[in-house]
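> I'd like to ask some things about the structure below.
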């Protein structure tokens with residue numbers, strides 16, 4: 001079962017979107033890329049809000065490209081909540097066609113004390129919770145989230161992000177989540193699609209995409225690796241979580257007690273340093289035993305050191321003089337060093 005999308009469009013301002021995508025119709029697909037990459041345009045085509053000629057769209061074998069937006073079985077949440085201003089929160093929830101279990105939805109999104117209030121009296125985070133509850137109530141086969149946290153202030157994002165993560169992981173329907181911030185979806189995404197200038201430049205599991213891409217435009221999509229680790233403990237004094245990676249430990253920033261298991265940690269290639277021996281007398285906590293599996297050109301005169309870490313893939317970006325000084329050859333046992341501050345998952 002899948003969502004199949006294929007076609008091209010040329011806008012009046014010169015922007016061109018060209019895609020040939022097949023997305024899984026289960027789990028969470030994260031659509032990421034810089035502003036202007038075409039993410040929201042693609043989501044509007046799926047929703048039926050844009051219906052350019054030449055695009056074909058099918059969901060689990062059923063053609064959708066000829067269906068108007070109101071006939072497509074989707075729920076959609078935008079950056080702006082778009083609530084009915086003249087209705088209370090309860091009225092906004094009851095206005096969803098086919099809505100059931102309104103009280104349960106209000107409880108899930110923490111709206112019980114807000115039901116009698118109108119949108120103008122709510123904070124941005126509260127309004128977005130109402131919008132998410134409305135989308136949750138709509139009978140649908142597919143849920144679309146268009147940067148639902150981007151318009152919120154940091155405090156509101158910190159409050160809403162865990163709620164949204166839990167919902168996406170437990171929602172019994174496929175989710176397409178558009179964002180420009182990989183950290184926002186790293187812990188919940190089953191599938192990543194990376195876009196740049198109207199084209200898909202990478203698609204697959206988070207681990208596969210992270211290992212394949214070398215993206216010069218955005219540090220969010222830097223090549224490197226995504227390690228899966230098991231949460232062990234959280235120290236509130238240092239604000240560090242300890243994770244288990246096989247027999248090794250990894251210290252990362254943020255309280256990950258409620259994070260889905262396994263916890264995903266993105267380590268960028270530029271944040272890794274290599275050593276022939278385990279260093280002593282260093283402030284760096286994360287020292288991982290790795291094996292060098294290969295060396296590859298990085299395209300800018302540097303090299304990628306391909307690494308195996310407890311059966312998982314990492315990459316380090318090193319200079320050619322560093323490679324020569326260390327005498328690096330495939331098969332060597334090395335130590336990879338990365339600061340805990342480079343692995344702060346508060347944003348995730």
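> Answer yes or no: is there a residue in the stretch 121-133 that is out of contact with any helix residue (DSSP H, G or I) (no Cβ under 8 Å at 6 or more places or on another chain) and in contact (Cβ under 8 Å) with a residue 24 or more places away in the chain.
Scanning the stretch 121-133 turns up at least one residue that is out of contact with any helix residue (DSSP H, G or I) (no Cβ under 8 Å at 6 or more places or on another chain) and in contact (Cβ under 8 Å) with a residue 24 or more places away in the chain.
> Something else now. How many residues does the stretch 15-49 contain that are surrounded by 18 or more Cβ atoms within 10 Å (Cβ to Cβ) and part of a loop (DSSP other than H, G, I, E, B)?
Qualifying residue count, the stretch 15-49: 4.
> Condition first: at pLDDT 75 or above and in a loop (DSSP other than H, G, I, E, B). Now tell me which residues in the stretch 211-258 satisfy that.
Passing the criteria: 236, 237, 238, 239, 246, 247, 254, 255, 256, 257, 258.
> In addition: Which residue, of 151, 156, 161, is under 26 Å from residue 48 (Cα atoms) and either surrounded by 15 or more Cβ atoms within 10 Å (Cβ to Cβ) or touching a strand residue (DSSP E or B) at 6+ places or on another chain (Cβ under 6 Å) (or both)?
On inspection, the qualifying residue turns out to be 151.
> Okay, next question. Condition first: outside any strand (DSSP E or B) and under 29 Å from residue 10 (Cα atoms). Now tell me which residues in the stretch 175-206 satisfy that. Steps first, answer last, please.
Residues of the stretch 175-206 that are outside any strand (DSSP E or B), as a first pass: 180-190, 197-198, 205-206.
Once the filter is applied, which keeps residues that are outside any strand (DSSP E or B) and under 29 Å from residue 10 (Cα atoms), the stretch 175-206 yields 180, 181, 182, 197, 198.
> Condition (residue is touching a residue at least 12 places away in the same chain (Cβ under 8 Å), more than 28 Å from residue 99 (Cβ to Cβ) and not in a loop (DSSP other than H, G, I, E, B)) applied to the stretch 61-77: is it met by at least one residue?
No.
> What is the residue count in the stretch 50-72 for residues that are crowded, with 16+ Cβ neighbours inside 10 Å and under 22 Å from residue 139 (Cβ atoms)?
The total comes to 5.
> Is at least one residue of the stretch 307-322 free of Cβ contacts under 8 Å to residues at least 24 places away in the same chain and within 24 Å of residue 190 (Cα to Cα)?
Yes, there is a match, as at least one residue in the stretch 307-322 is free of Cβ contacts under 8 Å to residues at least 24 places away in the same chain and within 24 Å of residue 190 (Cα to Cα).
> If I go through the stretch 290-323 residue by residue, how many of them are surrounded by fewer than 19 Cβ atoms within 10 Å (Cβ to Cβ), within 24 Å of the chain's Cα centre (by Cα) and more than 20 Å from residue 229 (Cβ to Cβ)?
0
> Could you check the stretch 1-14 and list, in sequence order, the residues that are free of Cβ contacts under 8 Å to residues at least 40 places away in the same chain and in a strand (DSSP E or B)?
Answer for the stretch 1-14, where residues must be free of Cβ contacts under 8 Å to residues at least 40 places away in the same chain and in a strand (DSSP E or B): just 10.
The values are calculated or read from the model by the stated rules, or taken from the named source; none is laboratory data. Since the model is a prediction, treat every value here as computed from it, not as a measurement. Positions of Cβ are backbone-derived with ideal geometry, glycine not excepted, and every protein chain shown enters the neighbour counts.
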